[in-house]
Amino acid sequence: MAAQRGKDLLLKCDDGTGAFVTVAGLRTQRIALNTDNVDITNFESVGRWRELLAGAGAKRASIAGTGIFKDATSDMLMRQKFFDGVIAQWQIVVPAFGIIQGPFQISSLDYRGDHAAEVTFELALESAGALTFTPLP
């Protein structure tokens with residue numbers, strides 16, 4: 001994958017109708033894919049080196065973003081999903097790579113304002129089920 005513009009990484013949320021709305025005003029975005037290790041090391045492990053069980057452990061994804069308010073629709077959608085505590089479908093579009101999609105819950109929604117600057121927000125999502133990956137053509 002060649003170098004891509006960071007602004008082309010998109011975070012989209014299902015608006016409740018099956019349509020995905022881009023979270024407007026995001027300046028930075030990050031996705032982290034992780035899995036827990038299952039240690040099966042025992043007294044017969046060669047040289048007492050750690051052994052892991054392949055395919056075991058819980059997988060999870062975390063998404064974070066920071067931005068400014070530019071779009072009332074996406075702001076209202078995020079705020080309502082946070083206050084309702086719902087698990088919604090989200091998409092992360094990675095240019096020239098693919099789309100990661102699945103259920104996420106907003107775990108953090110922070111608002112911040114400096115005296116001589118605009119109001120900003122920080123958003124954190126945690127996966128709440130199986131994710132899919134669709135390569136982009």
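Key figures for this structure:
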quantity: Which numbered condition MET78 fails, given (1) closer than 18 Å to LEU125 by Cβ; (2) in contact with a Ser or Thr (Cβ under 8 Å, 6 or more places away or on another chain); (3) not acidic (Asp, Glu); calculated: (2)
quantity: Matching strands (runs of 3 or more DSSP E) fully within the stretch 15-103 where at least 3 residues are surrounded by 15 or more Cβ atoms within 10 Å (Cβ to Cβ) and free of Cβ contacts under 8 Å to residues at least 60 places away in the same chain; calculated: 59-68
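No lab work stands behind these numbers, since they all come straight from the coordinates. Predicted model, so just to flag it, every value in this text is computed and none were measured. When we count neighbours, we look across all protein chains shown, and the Cβ atoms used for this are built from the backbone with ideal geometry, even at glycine.
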